[in-house]
Amino acid sequence: MHNSSTDEAAALLGGCGQVHLPSGSMCTLRNGHAGSCEFTPAKRVDALLAEHKAAEGW
């Protein structure tokens, strides 16, 4: 992947991975989600990705 606004590791895990470049925050919703992204500070991304995967079964 060659898109600086998407985190490849998050995308490979099934997450949206869209990065808000000015802040470094990342969307932790499921890849292809409907509606707007929900950006999370970078230090919380791993935990929230794990929570979403467990709760939503992806």
Query raised in the report: Mind checking which pairs have a first residue in the range 1-28 that is at positive phi and free of Cβ contacts under 8 Å to residues at least 40 places away in the same chain and a second that is of a type in the set (Asp, Glu) and open to solvent by less than 30 Å² (accessible area, probe 1.4 Å), Cβ under 8 Å, 6 or more apart or different chains?
Result: none
Requested in this report: Could you please give the count of residues in the range 22-54 that are open to solvent by 90 Å² or more (accessible area, probe 1.4 Å) and assigned to a helix (DSSP H, G or I)?
Outcome: 4
Requested in this report: Select from the range 9-21 the residues that are open to solvent by 30 Å² or more (accessible area, probe 1.4 Å) and modelled with pLDDT under 90 and list them in ascending order.
Outcome: Ala9, Leu12, Leu13
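The values are calculated or read from the model by the stated rules, or taken from the named source; none is laboratory data. Please read these numbers as outputs of a predicted model, since none were measured by experiment. As a convention, Cβ positions derive from the backbone with ideal geometry for all residues, glycine included, and neighbour counts pool all protein chains shown. Note: areas computed on protein heavy atoms with side chains; ligands, DNA, RNA excluded. Shrake-Rupley method; radii C 1.70, N 1.55, O 1.52, S 1.80 Å.
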